[in-house]
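Let me begin by presenting the structure, written as structure tokens, before commenting on it.
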Amino acid sequence: MGTYIGVILGLSSGTGAVATQGAASDTIALETKVACITEIKSQTNMYGAMFIDEPTSQEAQDLADWSQANHVLVYDVFDTSSNLEIDVTNPVWLIKLAGNTNYRMLYSAAGNRKLAASYMARVHTVNFNAENSALTMHLKELNVVAESYTQTEITKAKAVGLDIYTTIKLTPVVLTSGANDFVDNRYNLVGYKDAVEVDMFNLLKGTTTKIPQTSKGVNQLIDQLEKTTRGFVRAGVFAPGTWSSPDYFGDYKAFTRNIEQNGFYFIAGRLSDQPQADRAARKSPVLQGAVKNAGAIHSADIIINFNL
């Protein structure tokens, strides 16, 4: 026989227990994936995400629009053979045509959604403060089971913008597609944008006095931009090289020389040209920058001449 504890818990008659009726049941509307990720983004400044359950074709396109607008890389796994086709009914192809390069699309015939989690975990471990730390996902190994594909499937995946995880001579490797840009380009850009914003805020916040609206003050801002960018050169994101775009600003010779020697170039607008409203609002003149992407080597053609 046990000991009755209803009196101790205040459940018995005469012990002061009061019955309180609960609220009536209510049905809560289903939250969309875009609404869900928007709320998460408002709570924490994330840079990558994936959903455990598979988005529908329309949800994937909506999430792709959101990822591009909010500078967040969203990873998704597609698993049907129709996703390999260049066709307007294929959401993968539509996302590629829309230029939503922040939506990172992977292919798994087995429907293994862990592929997205493992892939994202590898991408988002780059420490941009380290030397030569930038990476490419091409030929990397993941913590999921690699799948077997025909050369036709590999070629189709590359054409539509799907990365796959397969084997080359029994060695597990990621095969990347640049059709929807490469993931390292997108992640490096997100990381660089964040670093510029944080470092510039810290410069303005960290001064014990002020940064004046003078040439000296503007040069402090330019110096900080160059310092931040130099760190990304050291990490291997940017590098000295030849500027191949017809677009430039400032003095052309100074522009190309700095790109070739440093991998970046920054200038500020003239204080004398600044609108009075901007000066009254204590804004800096517009700062402009250009950076040269270091890229990555994924393959090589080799010609060897033999002579007897």
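Quick note: the coordinates plus some simple rules give every number you see, no bench work behind them. Predicted, not measured: the structure shown is a model, and the values here were computed from it. Because the Cβ atoms are built from the backbone with ideal geometry, glycine has one as well, and the counts that use them run over all protein chains shown.
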*Taking the Cβ of Ala69 as the center, what net charge do the other residues with Cβ under 13 Å away carry, scoring Lys and Arg +1 and Asp and Glu -1?*
-1
*Can you pull the one-decimal nm distance between simple spin-label points at Ala69 and Ala296, each 7 Å off the Cα toward Cβ?*
3.0
*asked:* What is the angle, in °, between the Cα long axis of helix 57-70 and the longest principal axis of the Cα atoms in the chain? Nearest 10 is fine, range 0 to 90.
replied: 60
_Expected 222 nm ellipticity per residue - DSSP helices of 4 or more, -39500 (n - 2.57), all of the chain, to 500_ = -11500 deg cm²/dmol
*Value of D in µm² per second that Stokes-Einstein yields for the range 33-181, Kirkwood Rh from Cα pairs, at 4 °C (1.567 mPa s)*: 83
*Taking the range 208-258 on its own, what percent of its Cα-Cα pair distances exceed 17 Å?*
56
*Could you tell me how many degrees, from 0 to 90 and to the nearest 10, lie between the Cα long axis of helix 183-206 and the main elongation axis, the longest principal axis, of the Cα atoms of the chain?*
90
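Only four residue types carry charge here, +1 at the Cβ of Lys and Arg and -1 at the Cβ of Asp and Glu. Report the dipole size of the chain about the Cα centre in Debye, rounded to the nearest 20.
Roughly 1220 debye for the chain.
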*Largest-first principal axis extents of the Cα set of the chain (Å)*: 94, 71, 40
_Relative contact order computed over the chain (Cα-Cα under 8 Å; 6+ residues apart), in percent_ = 12
*Cα axis of helix 33-43 to longest principal axis of the chain: angle in degrees, 0 to 90, nearest 10?*
80
*Just order 176-185, 254-263, 28-37 by mean Cβ neighbour count inside 10 Å, highest at the front, would you?*
176-185, 254-263, 28-37
*How high is the FRET efficiency from His124 to Thr152, r the C-beta distance, R0 22 Å, rounded to 0.05?*
0.10
*Starting from the Cα-Cα distance between Asp53 and Glu260, subtract it from 0.36 nm times their residue separation and give me the gain in nm to one decimal.*
69.8 nm
*Mind checking the full-extension length gain between Ser215 and Leu94? Use 0.36 nm per residue of separation minus the Cα-Cα distance, one decimal, nm.*
38.8 nm
*asked:* If packing is taken as the average count of other Cβ atoms within 10 Å, what order do 296-306, 102-112, 199-209, 117-127 fall into, highest mean first?
replied: 102-112, 117-127, 199-209, 296-306
*Over the range 176-308, calculate the relative contact order: mean separation of alpha carbon pairs under 8 Å at least 6 apart, over the residue count, as a percent.*
23
_Contact order relative to length of the range 1-94, as percent, for alpha carbon pairs under 8 angstrom and 6 or more apart_ = 21
*Sort out for me the Cα centre separation of the range 55-125 from the range 204-227, rounded to whole Å.*
41
*Fraction of beta bridges assigned by DSSP in the range 33-181 that are antiparallel (%, nearest 5)*: 35
